[in-house]
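Chemist: Supplied in structure tokens, the structure appears directly below.
The values are calculated or read from the model by the stated rules, or taken from the named source; none is laboratory data. Model, not experiment: these values are computed from the prediction. No Cβ is skipped: glycine too gets one built from the backbone with ideal geometry, and neighbour counts run over all protein chains shown. Ligands, DNA and RNA are excluded from the accessible area calculation, which covers all protein heavy atoms including side chains. Shrake-Rupley method; radii C 1.70, N 1.55, O 1.52, S 1.80 Å.
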Amino acid sequence: MPDTPLPTLKAKDFATDQDVRWCPGCGDYAILMAVQRVCAKIGATRENTVFVSGIGCSSRFPYYMDTYGFHSIHGRAPGFVTGIKIANPDLDVWMVTGDGDGLSIGGNHLMHLLRRNVNVNALLFNNRIYGLTKGQYSPTSEPGKKTKSSPMGSLDFPINPLSLAIAAEASFVARATDKDRILVEVLERAAAHRGASFVEVYQNCNIFNDGAFDFATGKDVREDNVLYLNHGKPMIYGKDSDKGIRLVGCRPEVVTLGEGGVSEDDLLFHDETNKTMAMMLAGLHHPAFPEPMGVLYREERPTYEDQLHAQLGVAVEKRGAGDLDALFNAGDTYEVA
Amino acid sequence: MPADDHATTRPADTLTSAVVRFAGDSGDGMQLAGTQFTDTSAILGNDVATLPDYPAEIRAPAGTVAGVSGFQINFAAQQIFTPGDQVNALVAMNPAAFKAHIDDVEPGGTVIVNDTEFSKTNLKKAGYPTPDGSKEPYNPLDDEAYNLKYKILRVPITKLNQEALKDSGMSPKDVNRCKNMYALGLVYWLYDRPLDTTIRHLTEVFAEKKGRPEVADANIAALKAGYFMGETAELFPVRYRVAPAPIQPGKYRKVTGNEALAMGLVTAAELAKKKLHYCTYPITPASDILHYLAPQKHFGVRTFQAEDEIAAVCAAIGVGFAGQLGVTGTSGPGLALKGEAIGLAVMTELPLVIIDVQRGGPSTGLPTKTEQSDLWQALLGRNGDCPTVVIAPQSPADCFRGAIEACRIALTRMVPVLLLTDGYIANGSEPWRVPKASELEPIEVRHTTANRDRDGAGDASHFLPYTRDANLTRPWAVPGNPGTEHRLGGLEKQNNTGSVSYDPANHQLMTRIRAEKVARVVDLVPDLDVHGDPDGGDLLVLGWGGPFGSIRTAVDQARAEGRSVSAAHLRYLNPMPKNLGDVLKRFDRVLIPELNNGQLRLLIRGRYLCDARGLNKIQGKPFLIEEIAQAIDLMLSGDWGDAEALYPQAGGVDVNAQALGV
């Protein structure tokens, strides 16, 4: 083997020649940039990378990545990625979905992808609205939201993507916003995780739901509304890093450091491997609580495709490689002279 | 061995064929008894054809008509194509089985009943009424009318079986589960069959695989007891012999359609040097394909039981995208769910094989009963102009060939192929001539290995996924190969580049290309073969799928009577054989028997301007030969009137009278 170093690709090497057709100012642009940067950082190759999506604004994503790509049908991307990974576990597979695609029409499939622990990176762009169909409420829209299809306010109670992912036995659950400094780091960790990685990205739809996540992205307010999670570190947040999360009984509460004798040691320390804690964190909502960003949960668990291929190996060990004539002649055969 | 002892005191009648049906409660082991009788007869050299008939409920209330499970075998000293019309010998293990099946027995036929089970309770469970002023329910076995019409033999099978196994050390429940073998032994004696095949089977299953030799011994003891009972009790005035059939020499085994289809898929993958990925969701009557394939992991077969029908087909398409053989299997309701994804496979021009084991519809319909009513769905049931290749095997063994053809076309022409079987051929069985793997034609699959970094200028759009060869097949470029990175999707594709295109002229062009691509598969479709008079005649009976055997037999009978009748059978529904139009023109009349309300008939009329008439049976059951024979009579006598469709006698339907009372 000649040890010529392989050419390293830069973020721009993952861009296609297609015109990006998202609306100017859409949060998807920032996510695309972040993903391209991550691909370069992790040393991905174009030929071994596959982006798969369903239908919706977010699902245009594969057209803009110069890798293999599949823009499939509404809600069904999990089926396609599962087939691809079973057929070729060596591929780096990313799945891009949205709150409508992944939680409404495709909610069932997402759940099964996560519990099976297929080794893919599932990115759910949550803008709390149907963008491509021009502005109807989505499964993550807030109750009472007035849209074209809900002039008197939506009656649907919203679903929480992170709680759903944890309940569906996802082995990696994280969140970031489209403008977040930690987005690249979260995506990098998702890519490194062996198993189904679920990342919710708060994504601004500046046409139909502008400002939905201002509380979590606005320069002036962000620090007071977002809790950045760090494994093994106390849960501290706030512009002045003076607020924290404490557990009273089973209930989390917001405290101010120094007030009433509260010190760092009284706060919760983040443990990414604690599923109960992850479920609690997933349930923290603005404005009563800061919303957690970063990795909520991770666990090491065998992937679906690794186990499947292990069974194939065992079968060959036990029975020898398949032989068609043996298959044809199994059972009771008889000769007609 | 008792079977070698032909020194019986009673005479033996020689028959050319016989039809036996085992019927009992769904927990009575009738399917096993029937399968064993079939295996034994096949090994004896008879031609065989079978028809299992079981309820949709796994265990409907014991003793009720809803819970009756049946298995019919036609075995013959000549070539046969169907499980037979009328039953020559019925085994009825309880009153419900008697009630459900007695009308199918030929007048004068033998009916062996398990007399022990004809109790007051069981007669009531079967729905026999208690006459006014009586404490005892009506018992058909005491009815003079039945006794005049049939040879009814009352054998207390339950009791005799208990007696035979009283020293077996088995629990009463386990003893009772052997009574199917007692009944089978009795029927083996009646038809002069050897016991060795079944003894070997019982030993293998219970003693060797399950490690319960005592169960094997008990079953074998019951089998022998039944046989000796026939020998010694002088119940039967005669026993019957059916000599071996003159079939093509070679090695044979009995296969069901689902089993043959599964073997065909494994074979196709090997021939193509691909790995078979069978992605599916359990559904009757297709689940057995999954059950046959799941243990074939040593062939590298990957089975994926998805969360639903849609995920299953999507995974299969993902497999095709990743460069392997993706197959999904289902029945009618599942095909409806897969429609959108099949459209995506048409648009992305990826190889995909979809199996639909048809059952009675619409909606949930008749899950365990057969029908051919998904033809329109297969051909037309998707949004947009969305053509796929559609193939329909004609018999259980033919499913092997059909599966290989479907995979060959999908893999070499980059097109989804729908394989339509039905409950009748999926669960029915017949002898299959065992092929030699080395004699099967390999499937040559080509992958594009163009490398833009090596061959091109490094331009991202260098690789053109929608260029084509003379068959209009586009290149199959697979993730992992550098230089052919491309994006597929359901949005309309620009010719050559495969980029998203909303151009009107391009959409018209691409729609025509997709249609023409499927049409060009016709060069792989054999010409339609006319059985009878290739140059034409008074009547052509045109069929597809499962009715092949009934049509062939009825046409042969009519021809033996000197009628000008021929048969032709379509295995390719899309594209249809090149010569079909010419064949149709050579006949004065065309009859199309189908187990639906006239789906092929409409297509033939529309495409070929042919005034075809239909024989349409929609009863969850296959055609009887007699029904087709009657339709042939009507067509030839000109008594077919103005009606578009003839209905089989038993199914004469008058919608006004029956639905509206007018």
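Chemist: (1) in contact with an Asp or Glu (Cβ under 7 Å, 6 or more places away or on another chain); (2) exposed (fewer than 15 other Cβ atoms within 10 Å of the Cβ): which one isn't true of A:Arg246, the others all being true?
Modeler: Exception for A:Arg246: condition (2).
Chemist: Identify, please: which residue in the stretch B:461-474 is under 14 Å from B:His447 (Cβ atoms) and within 14 Å of chain A (Cβ to nearest Cβ) and is, among those, least open to solvent (accessible area, probe 1.4 Å)?
Modeler: Among residues in the stretch B:461-474 that are under 14 Å from B:His447 (Cβ atoms) and within 14 Å of chain A (Cβ to nearest Cβ), the one least open to solvent (accessible area, probe 1.4 Å) is B:Pro465.
Chemist: From the list B:Ala272, B:Ala233, B:Ala243, exactly one residue is of a type in the set (Gly, Ala, Ser) and either closer than 17 Å to A:Ala330 by Cβ or surrounded by 18 or more Cβ atoms within 10 Å (Cβ to Cβ) (or both). Which is it?
Modeler: When all the criteria are applied, what remains is B:Ala272.
Chemist: Right, another one. Could you check B:Asn506 against (1) free of Cβ contacts under 8 Å to residues at least 24 places away in the same chain; (2) touching an Asp or Glu at 6+ places or on another chain (Cβ under 6 Å); (3) not hydroxyl-bearing (Ser, Thr, Tyr) and say which number it fails?
Modeler: (2)
Chemist: Further question on the same structure: State all residues of the stretch A:300-336 that are more than 8 Å from chain B (Cβ to nearest Cβ) and in contact (Cβ under 8 Å) with a residue 24 or more places away in the chain; if no residue qualifies, say none.
Modeler: A:Glu300, A:Arg301, A:Pro302, A:Thr303, A:Tyr304, A:Glu305, A:Asp306, A:His309 - these are the residues of the stretch A:300-336 that are more than 8 Å from chain B (Cβ to nearest Cβ) and in contact (Cβ under 8 Å) with a residue 24 or more places away in the chain.
Chemist: Among the numbered criteria (1) within 7 Å of chain B (Cβ to nearest Cβ); (2) surrounded by fewer than 22 Cβ atoms within 10 Å (Cβ to Cβ), which one does A:Gly83 miss?
Modeler: Of everything listed in (1) within 7 Å of chain B (Cβ to nearest Cβ); (2) surrounded by fewer than 22 Cβ atoms within 10 Å (Cβ to Cβ), A:Gly83 misses just condition (2).
Chemist: I'd like to know if the stretch B:241-259 contains one or more residues that are under 22 Å from B:Asp398 (Cβ atoms), within 22 Å of the chain's Cα centre (by Cα) and away from every other protein chain (no Cβ under 13 Å).
Modeler: Yes; the residues of the stretch B:241-259 include at least one that is under 22 Å from B:Asp398 (Cβ atoms), within 22 Å of the chain's Cα centre (by Cα) and away from every other protein chain (no Cβ under 13 Å).
Chemist: Hey, another quick one. Regarding B:Ala97, is this residue part of a loop (DSSP other than H, G, I, E, B), among the aliphatic types (A, V, I, L, M) and either without any contact (Cβ under 8 Å) to a residue 40 or more places away in the chain or closer than 28 Å to B:Gly365 by Cβ (or both)?
Modeler: no
Chemist: Something else now. Restrict the check to the stretch B:194-216 and report whether at least one residue is in a loop (DSSP other than H, G, I, E, B), out of contact with any Cys (no Cβ under 9 Å at 6 or more places or on another chain) and modelled with pLDDT of 95 or more.
Modeler: Looking for residues that are in a loop (DSSP other than H, G, I, E, B), out of contact with any Cys (no Cβ under 9 Å at 6 or more places or on another chain) and modelled with pLDDT of 95 or more, one finds at least one in the stretch B:194-216, hence yes.
Chemist: I'm told B:Met510 meets every condition in (1) open to solvent by 50 Å² or more (accessible area, probe 1.4 Å); (2) part of a helix (DSSP H, G or I); (3) at pLDDT 95 or above; (4) over 30 Å from B:Ala397 (Cβ atoms) except one. Can you identify the failing condition by its number?
Modeler: Every listed condition holds for B:Met510 apart from (1).
Chemist: For the stretch B:509-541, which residues satisfy the criterion of being more than 20 Å from B:Pro387 (Cβ to Cβ) and of a type in the set (Gly, Ala, Ser)?
Modeler: Scanning the stretch B:509-541 gives B:Gly532, B:Gly536, B:Gly537.
Chemist: Something else now. Any residue at all in the stretch B:161-175 that is closer than 19 Å to B:Thr64 by Cα and surrounded by 14 or more Cβ atoms within 10 Å (Cβ to Cβ)?
Modeler: No.
Chemist: Please go through the stretch B:248-269 and give me each residue that is assigned to a helix (DSSP H, G or I) and open to solvent by 20 Å² or more (accessible area, probe 1.4 Å), ordered by number.
Modeler: Passing the criteria: only B:Glu259.
Chemist: Sticking with this one: Pull out all pairs, ordered by first then second residue, where Cβ-Cβ is under 9 Å, the residues are six or more apart or on different chains, the first lies in the stretch B:316-334 and is without any contact (Cβ under 8 Å) to a residue 12 or more places away in the chain, and the second is open to solvent by less than 10 Å² (accessible area, probe 1.4 Å) and part of a helix (DSSP H, G or I).
Modeler: Pairs found: B:Gly318/A:Gly79; B:Gly318/A:Phe80; B:Gly318/A:Val81; B:Gly318/A:Thr82; B:Gly318/A:Gly83; B:Gly318/A:Ile84; B:Gly318/A:Lys85; B:Gly318/A:Ile86.
Chemist: Please verify whether A:Leu227 is part of a strand (DSSP E or B) and crowded, with 17+ Cβ neighbours inside 10 Å, treating the condition exactly as stated.
Modeler: In short, yes.
Chemist: Also, quick follow-up: For residues that are of a type in the set (S, T, N, Q) and under 18 Å from the mean Cα position of the chain (by Cα), scanning just the stretch B:264-306, find the one that is farthest from B:Gly360 (Cα to Cα).
Modeler: Applying the filter and picking the extreme gives B:Ser287.
Chemist: Can you name the residue in the stretch A:87-140 that is free of Cβ contacts under 8 Å to residues at least 24 places away in the same chain and in contact with a strand residue (DSSP E or B) (Cβ under 7 Å, 6 or more places away or on another chain) and, of all such residues, is nearest to A:Gly294 (Cα to Cα)?
Modeler: In this case the residue turns out to be A:Tyr137.
Chemist: Looking at the stretch A:230-261 only, could you name the residues that are of a type in the set (Ser, Thr, Tyr) and not in a strand (DSSP E or B)?
Modeler: A:Ser241 - this is the single residue of the stretch A:230-261 that is of a type in the set (Ser, Thr, Tyr) and not in a strand (DSSP E or B).
Chemist: Right, another one. Please go through the stretch A:140-155 and pick out each residue that is out of contact with any helix residue (DSSP H, G or I) (no Cβ under 6 Å at 6 or more places or on another chain), in a loop (DSSP other than H, G, I, E, B) and crowded, with 16+ Cβ neighbours inside 10 Å.
Modeler: Passing the criteria: A:Ser141, A:Lys145, A:Ser154.
Chemist: Taking B:Leu290 as meeting all but one of (1) within 8 Å of chain A (Cβ to nearest Cβ); (2) surrounded by fewer than 24 Cβ atoms within 10 Å (Cβ to Cβ); (3) in contact with a Ser or Thr (Cβ under 6 Å, 6 or more places away or on another chain), write down the number of the exception.
Modeler: Only one criterion is unmet by B:Leu290, namely (1).
Table: residues versus (1) over 30 Å from B:Glu430 (Cα atoms); (2) under 32 Å from the mean Cα position of the chain (by Cα); (3) modelled with pLDDT under 95; (4) surrounded by fewer than 18 Cβ atoms within 10 Å (Cβ to Cβ).
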site	(1), (2), (3), (4)
A:Gly260	yes, no, yes, yes
A:Glu264	yes, yes, no, yes
A:Leu281	yes, yes, no, no
A:Glu300	yes, yes, no, yes
A:Leu327	no, no, no, no
A:Glu335	no, no, yes, yes
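Chemist: In the stretch B:66-94, which residue that is surrounded by 24 or more Cβ atoms within 10 Å (Cβ to Cβ) and in a loop (DSSP other than H, G, I, E, B) is farthest from the chain's Cα centre (by Cα)?
Modeler: Per the stated criteria, the residue is B:Asn94.
Chemist: Return yes or no: is B:Leu190 away from chain A (no Cβ under 14 Å), out of contact with any Cys (no Cβ under 8 Å at 6 or more places or on another chain), open to solvent by less than 10 Å² (accessible area, probe 1.4 Å) and closer than 16 Å to B:Leu153 by Cβ?
Modeler: yes
Chemist: Also: Considering every residue within the stretch B:132-142, establish whether at least one is in the same structural domain as B:Tyr182 (by TED's automatic domain parsing), assigned to a helix (DSSP H, G or I) and open to solvent by 10 Å² or more (accessible area, probe 1.4 Å).
Modeler: yes
Chemist: Let me ask something else. When you scan the stretch B:143-164, how many residues do you find that are more than 24 Å from B:Leu184 (Cα to Cα) and assigned to a loop (DSSP other than H, G, I, E, B)?
Modeler: Looking only at that region, the number is 1.
Chemist: Identify the single condition in (1) open to solvent by 10 Å² or more (accessible area, probe 1.4 Å); (2) more than 7 Å from chain B (Cβ to nearest Cβ); (3) farther than 23 Å from B:Gly339 by Cα that A:Arg60 does not satisfy, given that it satisfies every other one.
Modeler: Going through (1) open to solvent by 10 Å² or more (accessible area, probe 1.4 Å); (2) more than 7 Å from chain B (Cβ to nearest Cβ); (3) farther than 23 Å from B:Gly339 by Cα one by one, A:Arg60 breaks only (3).
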